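Since the structure comes first, as structure tokens, the remarks are kept for the end.
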Amino acid sequence: MSAPNRNADEAAVETFKQSTAATLRAMSHRDDLEVAFGAEPPGLSGNRARVPQPTRNLTSTEVAHVRGEADSIALKVRHHNRQLHAKRMPQGQMARSIYEAVEQTRCESIGSNRMAGVQENLTAALEQRYRKKGFERITERSDATLVEVVRLMTREALTGVRPPASARHVVDLWRPFIESRCGADFREMNRSVEDQEKFQHWVRQLIQDLDLESAEEAELEDDPNEEEGGE
């Protein structure tokens with residue numbers, strides 16, 4: 001590649017990164033967020049948002065993937081109450097993982113239901129994630145896939161969007177088992193998607209219905225004297 005073309009590609013990537021960072025801040029309603037592009041896993045640490053580093057090729061698939069990871073972070077910042085979330089955190093690693101994944105999905109679903117472009121970006125990010133994990137090669141149910149299947153079935157219940165192509169077979173392996181136990185929970189979660197407290201009640205019920213927590217454990221973990229905080 002000649003130097004002029006390489007410089008043009010680098011300029012295009014820089015422009016894309018700037019627009020992605022600006023959109024993340026605008027969508028999250030947080031102008032103070034630092035947006036870092038790199039090889040680290042996407043996520044948020046304090047006020048630092050980590051987003052995948054785009055390559056010079058900047059294909060449409062890559063653009064949607066990077067935007068999807070940025071949108072996911074922005075929607076979590078915008079719609080998630082950390083104190084309320086921590087107050088109702090279940091015990092047990094699997095229960096905690098499902099609780100975390102489904103809350104992330106709730107935040108993303110609010111954006112998906114309001115903005116078609118955000119929905120497309122989030123789908124692209126999920127597709128990339130499950131392809132990397134080799135989900136299309138999985139042929140049997142296992143605990144290792146349960147969390148992601150619950151995440152995707154929650155997303156389907158809240159938005160009507162089917163799982164990404166790479167994960168559909170895994171979801172179908174689990175679907176009869178999960179729907180037979182949690183179908184009513186998904187319907188109630190859909191009704192309370194914009195009310196985190198009500199939504200959490202039904203997530204905890206879903207966790208109980210999957211036999212990952214007893215009703216007695218759930219009652220012990222709710223402290224009525226604990227103060228609720230803001231976002």
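Checking the structure you have, find out if any residue of region 82-102 is modelled with pLDDT of 95 or more, β-branched (Val, Ile, Thr) and either out of contact with any Phe, Trp or Tyr (no Cβ under 8 Å at 6 or more places or on another chain) or loosely packed, with under 15 Cβ neighbours inside 10 Å (or both).
yes
When both residues are 6+ apart or on different chains and their Cβ atoms are under 7 Å apart, which pairs have a first residue that lies in region 92-116 and is at positive phi, and a second that is open to solvent by less than 70 Å² (accessible area, probe 1.4 Å)?
Note: pairs meeting the criteria are GLY92/LEU212; GLY92/GLU213.
Which of the numbered conditions does VAL35 fail, given that it passes all the others? Conditions: (1) over 30 Å from ASN81 (Cα atoms); (2) in contact with a Ser or Thr (Cβ under 9 Å, 6 or more places away or on another chain).
(1)
In region 17-48, which residues are touching a Lys or Arg at 6+ places or on another chain (Cβ under 9 Å), hydrophobic (A, V, I, L, M, F, W, C) and not in a loop (DSSP other than H, G, I, E, B)?
Those that are touching a Lys or Arg at 6+ places or on another chain (Cβ under 9 Å), hydrophobic (A, V, I, L, M, F, W, C) and not in a loop (DSSP other than H, G, I, E, B): LEU24, MET27, VAL35, ALA36, PHE37, LEU44.
So which residues in region 171-210 are surrounded by fewer than 14 Cβ atoms within 10 Å (Cβ to Cβ), of a type outside the set (D, E, K, R) and under 20 Å from ASP143 (Cβ atoms)?
PRO176, PHE177, SER180
Suppose we keep only residues that are under 12 Å from ILE73 (Cα atoms) and among the hydroxyl-bearing types (Ser, Thr, Tyr) within region 1-60. Which one would you say is modelled with the lowest pLDDT?
If we take residues in region 1-60 being under 12 Å from ILE73 (Cα atoms) and among the hydroxyl-bearing types (Ser, Thr, Tyr), then SER45 is modelled with the lowest pLDDT.
Determine which single condition GLU127 fails, assuming it passes every other condition in (1) at pLDDT 95 or above; (2) closer than 30 Å to GLN83 by Cβ; (3) assigned to a helix (DSSP H, G or I).
Here GLU127 meets the rest and fails (2).
For ARG131, which of the numbered conditions (1) surrounded by fewer than 22 Cβ atoms within 10 Å (Cβ to Cβ); (2) touching a residue at least 24 places away in the same chain (Cβ under 8 Å); (3) closer than 26 Å to SER214 by Cβ; (4) basic (Lys, Arg) fails to hold?
Failing condition for ARG131: (3).
Please specify each residue of region 186-207 satisfying the condition of being assigned to a loop (DSSP other than H, G, I, E, B) and either more than 10 Å from THR154 (Cβ to Cβ) or polar (S, T, N, Q) (or both).
SER192, GLU194, ASP195
Would you mind telling me which numbered condition in (1) within 18 Å of MET89 (Cα to Cα); (2) free of Cβ contacts under 8 Å to residues at least 60 places away in the same chain ALA165 fails?
Condition not satisfied by ALA165: (1).
Against the conditions (1) among the hydroxyl-bearing types (Ser, Thr, Tyr); (2) surrounded by 22 or more Cβ atoms within 10 Å (Cβ to Cβ); (3) modelled with pLDDT under 95, where does SER142 fall short? Just the number, please.
Among (1) among the hydroxyl-bearing types (Ser, Thr, Tyr); (2) surrounded by 22 or more Cβ atoms within 10 Å (Cβ to Cβ); (3) modelled with pLDDT under 95, the lone unmet condition for SER142 is (2).
Does at least one position in region 28-49 carry a residue that is without any contact (Cβ under 8 Å) to a residue 12 or more places away in the chain and surrounded by 15 or more Cβ atoms within 10 Å (Cβ to Cβ)?
no
Restricted to region 154-170, and to residues that are part of a helix (DSSP H, G or I) and touching an Asp or Glu at 6+ places or on another chain (Cβ under 8 Å), which residue is most open to solvent (accessible area, probe 1.4 Å)?
HIS169
The values are calculated or read from the model by the stated rules, or taken from the named source; none is laboratory data. Model, not experiment: these values are computed from the prediction. A quick note on method: Cβ atoms are made from the backbone with ideal geometry, for glycine too, and the neighbour counts reach across all protein chains shown. Surface accessibility is based on the protein's heavy atoms, side chains included, excluding ligands, DNA and RNA. Shrake-Rupley method; radii C 1.70, N 1.55, O 1.52, S 1.80 Å.
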